[in-house]
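J.: Pasting in a structure now, in structure tokens, and then I'll have a few things to ask.
The values are calculated or read from the model by the stated rules, or taken from the named source; none is laboratory data. Here the structure is a predicted model, which is why all the values come from computation and not from measurement. Cβ placement follows ideal geometry from the backbone for every residue including glycine, while neighbour counts extend to all protein chains displayed. Accessible surface areas use protein heavy atoms only, side chains included; no ligands, DNA or RNA. Shrake-Rupley method; radii C 1.70, N 1.55, O 1.52, S 1.80 Å.
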Amino acid sequence: MFKFLKEKIAGWAKKISKDKSEPEKTESKPKSIKIKEEKTQKEKLKKFEHAEETEEKQGFFSKLKSKISKTTISDEEFDSYSEELQNLLLENNVAYEVAEKIILELRKRIIGKEILKKEIESEIRDGLRDTIEELLIEPFDIVSRITEKNLANKNEPYVILFVGINGTGKTTTIAKIAHYLKGKNISSVIAAADTFRAASIEQLKKHGEKLGVKIISQQYGADPAAVGFDAISYAKKNHINCVLIDTAGRMHTAKNLMKEIEKIANVCKPDLKLFIGESITGNDSVEQAKSFNFAIGIQGIILAKADVDEKGGTALSVGYAIKRPILFLGTGQEYDKLEPFNKKKFSEKLGL
Ligand SMILES: Nc1nc2c(ncn2[C@@H]2O[C@H](COP(=O)(O)OP(=O)(O)OP(=O)(O)O)[C@@H](O)[C@H]2O)c(=O)[nH]1
Ligand SMILES: [Mg+2]
């Protein structure tokens, strides 16, 4: 992920350290003086190198060495390279507002800081990694939220509503979550509240059979809120820990469909409303997340299809845009291809 980021930072560091090692500009000085100065510079360096060889590190030489090996990055230097870095972030699906924020934070971290020349590259890389990790919101643990609610209110299931535009991976993700919860001894029931798309109910029933999870459904065209309500009643009666409500994919720009999702949320009163986006869509995901957040208030994000994402910027952008954590990444079609999101692991994958 974040193609060429490592290479770009390495190139940046190399250029800065090269610029720093060039002698002061001496254009106004006559040639003879310049040559003389160069000679004395060389002599000094020779002396210094010799001193190093013989480990004769006394006052003057250690001072000289620290002058040579330590440096600071100036505003001008940062500006001349940060544009390239910003473009690279944009190319990797980082939204413009997030790329700008990253550059701003990185600037605060590294400008004027005294660093060893040989560590320019790692300083920039560490700065970028820390900045990115700080922008990402720490995910919470859904398992403990479910058990907390189950314990506090006997017979009260924890209700999770899954929303997103068409084809992002909602239904598959729900099946994965049911499988994940089963592995943690948490029972669930799935509400087939996508009563709109052809074959959506059959798709869920197949998952239900494979997973051994009950699917609550009505006929196509039924009120999705009523299906969700049925599933909650079923869970209460049967002491099921968690209700997962699947919904039809809807464009975030379709006002009537967004009204419908508001109704589902009002009737079912979910404990958690999750936005399911695709890792590969970048800025579009940001816009979708903002719209769903505006309509019903999103508390967490799952990004599916991270396995086919070569970029990585969507995770950064969507979370930052709505100030909500990424809880999981979908990393394939199988049930176990659901990874709890980890900030450190994510920045490692970016090559930082
Ligand atoms: N590679 C990959 N494919 C995925 C992942 N999650 C879902 N898919 C695939 O994406 C396609 C759409 O998945 P669905 O779960 O049906 O998506 P949906 O959001 O429910 O779709 P609608 O209900 O039509 O809006 C299917 O072919 C899934 O197998 C994932 O993490 N990785
Ligand atoms: Mg679906």
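J.: For SER74 and ASN87, calculate 0.36 nm times their separation in residues minus their Cα-Cα distance, and state this gained length in nm to one decimal.
T.: That pair, SER74 and ASN87, stretches by 2.6 nm at full extension.
J.: Of LYS214/LYS311; LYS15/LYS344; LYS237/LYS343; LYS182/LYS305; LYS154/LYS290, which sit over 27 Å apart, Cα to Cα?
T.: LYS214/LYS311; LYS15/LYS344; LYS237/LYS343; LYS154/LYS290
J.: Taking every pair of Cα atoms in the chain, average 1/r, invert it to obtain the Kirkwood radius, and report Rg/Rh to two decimals.
T.: When Rh is taken as the Kirkwood radius, the ratio is 1.20.
J.: Sticking with this structure for a sec: Does anyone have the angle between helix 283-296 and the longest principal axis of the chain? Alpha-carbon axes, 0 to 90°, nearest 10?
T.: Relative to the chain, helix 283-296 is tipped by roughly 50 degrees.
J.: If you wrap segment 158-281's Cα atoms in a convex hull and average its projection over all directions, what's the area in nm²? Don't skip to the end; give the middle numbers.
T.: Numbers: hull surface 29.2 nm².
Projected area, direction-averaged: 7.3 nm².
J.: Quick one: angle between helix 31-53 and the longest Cα principal axis of the chain, in degrees between 0 and 90, rounded to 10, please.
T.: So the inclination is approximately 70 degrees.
J.: So, one more: Please list 159-172, 327-340 highest first by mean number of surrounding beta-carbon atoms within 10 Å per residue.
T.: In descending order of packing, they fall as 159-172, 327-340.
J.: Now, a different point. Could you sort 141-154, 96-109 so that the peptide with the highest average Cβ count within 10 Å comes first and the rest follow in order?
T.: The densest-packed peptide leads the list: 96-109, 141-154.
J.: Within 10 Å, count the other beta carbons around each residue, average over each peptide in 206-216, 245-255, and list them highest first.
T.: 245-255, 206-216
J.: Among residues other than GLN219 whose Cβ falls under 14 Å from its Cβ, what is the net charge (Lys/Arg +1, Asp/Glu -1)?
T.: With Lys, Arg at +1 and Asp, Glu at -1, the net is -2.
J.: What do you get for the angle between helix 75-91 and the principal long axis of the chain? Use alpha-carbon atoms, 0 to 90 degrees, nearest ten.
T.: In the chain, helix 75-91 runs at an angle near 30 degrees to the longest axis.
J.: Here's another thing I want to ask about it. Could you give the nm distance between label points at LYS206 and ASP19, where each point is 7 Å from its Cα heading toward the beta carbon?
T.: It is 5.7 nm.
J.: How high is the FRET efficiency between PHE294 and PHE196 when r is their beta carbon distance and R₀ equals 30 Å, given to the nearest 0.05?
T.: Plugging the Cβ-Cβ distance into 1/(1 + (r/R0)^6) gives 0.85.
J.: Right, next: Considering only protein heavy atoms and a 1.4 Å probe, what is the carbon-and-sulfur percentage of the accessible area of the chain?
T.: Working: 9320 of 18540 Å².
C and S fraction of accessible area: 50 percent.
J.: Provide the per residue accessible area, probe 1.4 Å, for the chain, rounded to a whole number of square angstrom. Don't skip to the answer; put the middle values down first.
T.: Working: 18540 Å² over 352 residues.
Per-residue value: 53 Å².
J.: If I model a spin label as a point 7 Å beyond the Cα along the Cα-Cβ vector, how far apart are those points for LYS182 and GLU339 in nm?
T.: So the two model labels end up 2.3 nm from each other.
J.: Suppose every Lys and Arg Cβ carries +1 and every Asp and Glu Cβ carries -1, with no other charges. What dipole size does the chain come out with about its Cα centre, to the nearest 20 debye?
T.: The dipole of the chain has a size of about 400 debye.
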